[in-house]
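Throughout, read-outs are computed from the coordinates displayed, never taken from laboratory work. Keep in mind the model is a prediction, meaning the values are calculated, not measured. Glycine gets a Cβ as well: all are built from the backbone with ideal geometry, and neighbour counts include every protein chain shown.
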Amino acid sequence: MNSGFNPPPYPQDRLNEIRQAVITSGLNLVDLSIGTPCDPVPEILSIDHVEMALSRGYPRANGSDMLLGSAISWIAGRFGIDLRQDEIAACVGSKEFVASVAQYLRLRTPHRSSVLFPSVSYPTYEMGALLGGCKPIPVPVLPDGELDISTLTPDVLKDTLCIWLNSPANPTGKISSGRKVVELARKYNCLVISDECYTEFSYSTEPKTILEFGTKNVLALHSLSKRSNFAGGRVGFYAGDRELVRYLSEVRKHAGLMIPGMMQMFGSVLLSDQSHVEKQREIYRERLDILLTIIRKLGYVADFPDGGFYIWLADSAAKKNGFEIAREVAMRTGIIGSPGEFYGKSSSQYLRIAAVTSTETLAGIAAKL
Ligand SMILES: Cc1ncc(COP(=O)(O)O)c(C=O)c1O
């Protein structure tokens, strides 16, 4: 019989019992456990684009010239960084990249096996390490959001394939620079991959990218899922170290990973427009404010995040665990959040709530409280 890998239950499926309890109680269920955008895709996409993009042939695996050209222009406009086309390639949304890159890095450097990631983070960094047969190593996060690299020994670093960063961070909303991690990665010749899918929703600073420290041993990962409410389109890209982009795009071509042609066209149009992003940032800012009011009225504590669209809350005495808080919040408001243990063992006393329902719904809940 099979004695190997057995995937754990998908985290958000573990909330079904709480969802059912809310429905049975007669409350209106407001599921904010997954960070799936709820607002419309910008209206700049038109039927002409559909006609232009319909095609019989296979789409370009690593991204069409049009998509990559728009991504290069967006990076230049947003961050003031000029990239060449061989420093960027497309991925099918960013989750598949997160889940598969460790496996490909390991194939390339078989004598190394460790994958490092923030101890409180998006769970797919760890899952990607497991799927690639690598060793997942959570690294503690300092209060300012930077990784506590003082905990990393030379032995660990010599075995490291890549170090994940995520800024603004899911679930904590912290913004970090990652500069010291980049220096360390260059010293030990491993890779830093900075997941920047929330960068457009930065509130405490202007959006940032790890590429400001140069591209050597560095990749930045981006996605249109959050930026343009385009999670359904599955458009992402990674940019940075030319040699790594070359290797990953070659190996991913063999695996048949490609964004459908029409979605590449849509992605290019969305990347060329900034006005919908500015509007969406203000929508999240307002919702996060209302969510903060709601959770404070319920007696919990949280700060307004530096970035992202999540409220990360705990009870003031830090006594309850995330599942208890989830149940309490659900039974008083109908809101379903994600317990902190989904994001790491060290955050089990937290709950994450995503600002992904209408502002009116949230205002209605706040008013009732
Ligand atoms: C930090 C982080 N990275 C990556 C993703 C994956 O997003 P997508 O695959 O839609 O680009 C998510 C989704 O919630 C996320 O929170």
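At 0.36 nm per residue, minus the direct Cα-Cα distance, what do V156 and N16 gain on full extension? Give it in nm, one decimal, please. List each step's numbers first, then the result.
On the way: separation 140, 0.36 × 140 = 50.40 nm, distance 3.87 nm.
Length difference between fully extended and current span is 46.5 nm.
Distance between the pseudo-spin-label points of K253 and K187 (7 Å out from Cα toward the beta carbon): 3.7 nm. Taking amide H positions as modeled 1.01 Å from N, with prolines and chain starts lacking one, the residues under 5 Å from S119 and 5 or more places away or on another chain are V139, V141.
I'd like the FRET efficiency for T293 and L29, computed as 1/(1 + (r/R0)^6) with the beta carbon distance as r and R0 of 22 Å, rounded to 0.05. Before the final figure, lay out the partial values.
Working: r = 20 Å, r/R0 = 0.93.
My answer for the efficiency is 0.60.
Once you reduce region 139-180 and region 183-248 to the center of their Cα atoms, the two points are 14 Å from each other. For the chain, a Gaussian network of Cα nodes joined below 10 Å ranks G69, G232, G322 by mean-square fluctuation, and the top entry is G232.
Ranked by how many other Cβ atoms sit within 10 Å of their own Cβ, fewest first, the residues S33, S114, S3, S346 fall in the order S3, S346, S114, S33. Sparse packing (at most 11 other Cβ atoms within 10 Å of the Cβ) combined with a DSSP loop state is found for the following trypsin sites (Lys or Arg not before Pro) in region 258-352: K319. According to the Kirkwood relation over distinct C-alpha pairs, the hydrodynamic radius of the chain is 21.3 Å.
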